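Bear in mind these aren't lab numbers, they're just calculated from the coordinates by the rules spelled out. Keep in mind that this is a model prediction, so the values were computed, not measured. Glycine also receives a Cβ, built like all others from the backbone with ideal geometry; neighbour counts cover every protein chain displayed.
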Amino acid sequence: MSRILFVDDEPMILNSMRMRLSRRRPDWDCVYVESAVDALQALQDGPVDVVVTDMRMPGMDGATLLSIVRERYPHTFRIVLSGQMNRDAQLRALPVTHRFLVKPCPPAELEAHIDAALDMHRRLDSPQLADLIGGIRQLPTSPVIYTELSRMIADPNVGVAQISRLVERDPAVAARLLHVANSAFFGVRRQIRTTLEAINWLGVDLVRKLVLSCELGSLAGQSPALRRKVDDLHAHAILTARIASRLVKPEDSGTAATAALLHNLGRLVFALGPPERQAEVDRLVALGLRELPAQEQVYSCTYATAGAFLLHYWGLPLDIVQAVAMHAEPSSAQSRNGLDIAGAVYVASGLAVAAVRYDPHPPPVTHTGLDERFLTEAGFEQRVPEWCMLARSQRLAMLEPA
């Protein structure tokens, strides 16, 4: 039975939840407490799948409570359900919260968010990976981009479009800004799918505060091996995004670019974990096992699934989450009438690898690494030469001075 912890210093709100959920959710073991101290005691009494807390409470507030939950119980999904709060409180809550909901929140909406969190727990049957994803504080950010971004947003003469172009060079920064922009606390009334939309919605002032806070962490001080790995992943993501945005219909280009930019996020998740686990994946691959089955064996999921779970935790639009989850093994059936987002990311990622390998020449049609069965069933065999030229042109464009 799933265990849900509700924390609020207003007894009437807790009683209202108790009356509704006792009738509608008999399969939930719901615990209701009026303070953060009582919440910590409830957590010690047994595992909690989801904690839902108010922010403003006497003594310990919601942000402090959730920071402790993240540290001690990283597998627990963390939801803030609160009234209006000032910007400083919002910034304190951001690093420790998976979802933000604003009072008054329709009960059905709250239940839907809890259901989604419980569904992720059921799907993510690896306790080690659940702890790793749940405990993530910050994704590694390139020191060069971090420094340049800090400089740009402090310069009143730099426009939003320029900042957006820089953000698109770093998947970690892009993912976090999209997480924040899609939060209910910032008044979003629609799903935001691109970094330009996110920065326009949040405003440069808030982006500046986010970058200067611990929310986005630099790779400075990390091992050279991790820095190289992150730099390589970022470069691949940027080229993949450039290619993917040109493989789909114009109205889908922004979503495809964002999904492509974030498609390798799960590899960053794995990079933050115990080195011996990734070493075991590498050993299995060296023995002849394909990468995805090797990851399944070690982590109980693939990098694509891990990245999608993290983005779903952060509340990104479902079409982007689904594309990240499915890009490694896209469906030919869904792509027969033109590449869908997941198919475009898959093709773009393979072309990006080949374009770098054969730079400065176009990758040979027979050496793209793309699955021939997928191409045949989806009817794309004749388009591969065109795609190879596209990959080369985008690779060359990326190398041109800004």
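Using square roots of five times the C-alpha gyration tensor eigenvalues, list the equivalent-ellipsoid semi-axes of the range 293-402 in whole Å, biggest first.
Values: eigenvalues 129, 64, 42 Å².
So the three semi-axes of the range 293-402 are 25, 18, 14 Å.
When only Cα pairs under 8 Å and 6 or more residues apart are kept, what is the percent relative contact order across the chain?
12
Working from the alpha-carbon coordinates of the range 149-402, get Rg over Rh, Rh being the Kirkwood radius.
Values: Rg = 18.2 Å, Rh = 19.0 Å.
We get a ratio of 0.96 for the range 149-402.
For a distance above 16 Å, tell me the whole-number percent of Cα pairs in the range 2-123 that qualify.
The proportion of pairs with Cα distances above 16 Å equals 57 percent.
Quote to one decimal, in nm, the extra length available between THR376 and ALA112 on full extension: 0.36 nm per residue of separation minus the C-alpha distance between them.
Numbers: separation 264, 0.36 × 264 = 95.04 nm, distance 3.95 nm.
Full-extension gain reported as 91.1 nm.
With a point put 7 Å past each Cα toward its Cβ, work out how far ARG277 is from GLU148 in nm, to one decimal.
With each label placed 7 Å out from Cα toward Cβ, I get 3.2 nm.
With no solvent and one equal point scatterer placed on each C-alpha of the range 1-40, evaluate the Debye formula and give log10 I(q)/I(0) for q = 0.20, 0.30 Å⁻¹, two decimals.
Debye intensities relative to I(0), on a log10 scale: -0.56, -1.02.
How compact and how long is the range 55-126, expressed as Rg and Dmax of its alpha-carbon atoms in Å?
Taking only Cα atoms of the range 55-126, I get Rg and Dmax of 12.9, 38 Å.
Angle, helix 11-24 long axis vs. longest principal axis of the chain, Cα atoms, 0 to 90°, nearest 10?
For helix 11-24, the angle is close to 60 degrees.
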